[in-house]
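Please read through the structure below; I'll follow up with questions.
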Amino acid sequence: MQEEQYQTVEDVIRAAYKARGKSLRDFIPREEIERVETEIKRYGTRRRGLLGDLVERYIFGLKNNGRAEADFNIANVELKTTPLKRHLAKRLVSKERLVFSMINYDSVIEEVWETSSFLKKNRSLLIMFYLWLKEADLLDYEFKFIHFLDLLNNLSQEDILQIQKDWEFIVGKIRRGEAHLLSEGDTFYLGACTKAANNKVVRDQPRSRIPAKPRAFSLKQSYLNYLIQTRLLGVSTHEASLYKTASKNKTVAQVVREKFAPYIGKTDTEICAMLGWQPKRKSKNHNRLLVNRILTGTGTNKVEELDKANVTLRVPTLEASGSLKESISFPAFYFKDLVTQVWYDEKEEQMSDFHLQLEEKKFLFVVFQKQKDSKEIVLRKTMFWNFPAEDMEKAREVWEETVHLLNEGKVIKEIQTQKDGTKRLLTHFPGSSYNGVIHVRPHGLNSKDVSELPMRDQETGRTTHTKQAFWLNASYVQQAIESAVDQY
DNA sequence: GCATGATCATGC
DNA sequence: GCATGATCATGC
């Protein structure tokens, strides 16, 4: 087969469709199987590029020119192979983000969106989704869906605008000499994800002497999941869209700001009246329900755009003095699971769960404040926030220390007996005075909600301990709230 | 008042 | 039944 066979987009799509429901093994001639298997072994675990290569060679019948990365472009269609996995053994979700080409820090600052090299190369995508299985051979991954996606034609107008603004935000940061401060959580749908270069861990950037990690443009995993659910699986997400009652010519951040604007400075009672909402009684999550109503007009907490952008809504309440008492938690972790992870492995392109969350996640803080002489609370501000890249080392310290302690079996420091005779455990885990940014604290149903320890505890000999989580220090979040400036 | 441990309330 | 977000409780 020759490349001339593919003249049009339809040719390429037709060729890709042959793979649906099949795996690479179905396309490789018997006499070549052994050679291919040897090749796979040689690649070791870094074989993602290889999968793309093999698709190119055996499904599309193109000659390989020894490139490590799959990077084929025929009839102006960019072909992508990307893994799916089963979530909770059921629903299909994307295993990772969809990674595009590396960002060239030097040349991208001269570009504008409309004529950008990103758009030129990646506007028309033919995505081959295969089902990844932990134990399976890569030759046996089944191609589940073939999906053609034109970024400027097949997405909604508001999503296209958001992606453009995301691109401009990333490029703006590079122009300001802040490529080393890029983070995937900076943006909503299109991200700048870390990507190890072949031989260099860091590279130069044009407007600063500080070396930066190599990064590539990517569609966020959360966004990809939305596409998979709605377009490939045809599942309704039952989510409310922010744009239902707002202009489509605005970014997500603009729409959110617009929605909250009339209520800033108002008390919760006033807001209820404005919304025409009469809660039966003031429940504990009253503020949250109120915020949901402002965002979507209903009580639902599922907001399409926030979900697509991996944004978590949080509703902290400041004290009347302006201080924030409560820290912000991340999901509880399992001790045994935590110690198997690495903070960051460039070679394998792997990250610990916590690192990934700090890198990818965005928060929407809707900040209320208590009053000195009233029980009512006042809506102060809303802000999008993501963990700043410059504090990532602090997070790493806490994470590494926690893993170290678990591996040493150093968990319990002291057992205190309280006044009422009940016992209270003090641990070695890094507390909130450890480095002012992140700490480790219990996070479970109660003290009996435990997780198995990888090492028996030296002090007590116990093999389980109360589930813990990483927390953003209250004082740290307070500072972030105080110094917030609109980025978009 | 802060640091740390523990628990509650809700929704899926 | 459990994860998640929010808050409470105790000791120094």
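A short reminder: the numbers here are calculations on the coordinates, not readings from a lab. For clarity, every value in this text was computed on a predicted model and none was experimentally measured. Neighbour counts are summed over all protein chains in view; Cβ atoms, including those assigned to glycine, are modelled from backbone coordinates with ideal geometry.
Only loop residues by DSSP count here, and only those with at most 10 other Cβ atoms within 10 Å; note down the trypsin sites (Lys or Arg not before Pro) in region A:70-133 that meet that.
Details: sites: A:80, A:85, A:86, A:90, A:91, A:95, A:97, A:120, A:121, A:123; in loops: A:90, A:95, A:97, A:123.
Passing both the DSSP loop test and the Cβ count: A:90.
In whole Hz, with x marking every Gly and Pro, tabulate ³J(HN,Hα) for region A:391-397 from phi via Karplus 6.51 cos²θ - 1.76 cosθ + 1.60, θ = phi - 60°.
Each residue of region A:391-397 in turn: 9, 4, 4, 5, 5, 4, 3 Hz.
Taking amide H positions as placed in the peptide plane 1.01 Å from N, state which residues far from residue A:141 in sequence (5 or more) or on other chains have amide H under 5 Å from it.
A:24
Please go through region A:309-417 and write out the trypsin sites (Lys or Arg not before Pro) that DSSP classes as loop and that have at most 15 other C-beta atoms within 10 Å.
On the way: sites: A:314, A:325, A:336, A:347, A:361, A:362, A:370, A:372, A:375, A:380, A:381, A:394, A:396, A:410, A:413; in loops: A:325, A:347, A:361, A:372, A:375, A:410.
Here the sparse-neighbourhood loop sites are A:325, A:347, A:372, A:375.
Can you work out the Karplus-derived ³J(HN,Hα) for every residue in region A:103-119? Use 6.51 cos²θ - 1.76 cosθ + 1.60 with θ = phi - 60°, whole Hz, and x for glycine or proline.
Taking θ as phi minus 60°, the curve returns 7, 8, 4, 6, 8, 5, 5, 8, 9, 10, 3, 4, 10, 5, 5, 4, 5 Hz for region A:103-119.
Let me ask you something else. For region A:379-476, which chymotrypsin sites (Phe, Trp or Tyr not before Pro) pass both filters: DSSP loop (anything but H, G, I, E, B) and at most 10 other C-beta atoms within 10 Å?
none
Let me ask something additional. Using θ = phi - 60° and the Karplus curve 6.51 cos²θ - 1.76 cosθ + 1.60, what whole-Hz ³J(HN,Hα) does each residue of region A:356-366 get, with Gly and Pro shown as x?
With the stated coefficients, region A:356-366 comes to 4, 5, 5, 6, 9, 6, 10, 10, 10, 8, 10 Hz.
A further question follows. What does the convex hull of the Cα atoms of region A:3-232 come to per residue, in Å³, rounded to a whole number? Walk me through the numbers before you get to the answer.
Working: hull volume 31.4 nm³, N = 230.
Taking only Cα atoms, region A:3-232 has a hull volume of 137 Å³ per residue.
Can you show me the helix-derived [θ] at 222 nm for chain A, built from DSSP H runs with n ≥ 4 at -39,500 (n - 2.57) apiece and divided by the number of residues, rounded to the nearest 500. Please report the intermediate quantities before stating the final value.
Numbers: 15 runs with 137 residues, N = 488.
Only helices count here, giving -8000 deg cm²/dmol.
Kindly state, to the nearest 0.05, the FRET efficiency for residue A:87 paired with residue A:209, given R0 = 45 Å and r defined as their beta-carbon distance.
Working: r = 43 Å, r/R0 = 0.97.
FRET efficiency, residue A:87 to residue A:209: 0.55.
Express in nm, to one decimal, how much length is gained between residue A:264 and residue A:459 on full extension, taking 0.36 nm for each residue of separation and deducting their alpha carbon distance. Walk me through the numbers before you get to the answer.
Working: separation 195, 0.36 × 195 = 70.20 nm, distance 5.17 nm.
This chain segment gains 65.0 nm when fully extended.
Just add up the charged neighbours of residue A:75: K/R +1, D/E -1, any other residue whose Cβ is under 9 Å from the Cβ of residue A:75. Present the calculation step by step, with values, prior to reporting the outcome.
Numbers: positive: none; negative: A:10, A:11.
Taking every other residue near residue A:75 into account, the sum is -2.
At a Förster distance of 25 Å, what's the computed FRET efficiency of residue A:422 paired with residue A:339, Cβ-Cβ distance as r, to 0.05?
0.25
Moving to a separate point now. For a protection proxy built on the mean count of beta-carbon atoms within 10 angstrom, sort A:214-224, A:255-265 highest first, please. Could the numbers behind the result be given before it?
On the way: A:214-224: 22.9, A:255-265: 16.5.
Result, highest mean first: A:214-224, A:255-265.
Sticking with the crude label model, points 7 Å out along Cα→Cβ, report the distance from residue A:319 to residue A:20 in nm, one decimal please.
For residue A:319 paired with residue A:20, the spin-label model returns 6.1 nm.
Please pull out the direction-averaged projected area of region A:344-434, using the convex hull of its alpha-carbon atoms, in nm² to one decimal place.
Details: hull surface 42.0 nm².
So the Cα hull casts an average projection of 10.5 nm².
If amide hydrogens are placed 1.01 Å from N in the peptide plane, which non-local residues have theirs closer than 5 Å to the one on residue A:386?
Placed amide hydrogens put A:363 under 5 Å from residue A:386.
List the residues, sorted by chain then number, that are 5 or more residues from residue A:350 or on another chain and whose placed amide H is less than 5 Å from its amide H.
A:345
Between residue A:156 and residue A:233, what is the label-to-label distance in nm when each label sits 7 Å out along the Cα-to-Cβ direction?
Computed distance between label sites residue A:156 and residue A:233 equals 1.9 nm.
Let me know the volume per residue of the alpha-carbon convex hull for chain A, in Å³.
On the way: hull volume 89.0 nm³, N = 488.
With only Cα atoms used, chain A gives 182 Å³ per residue.
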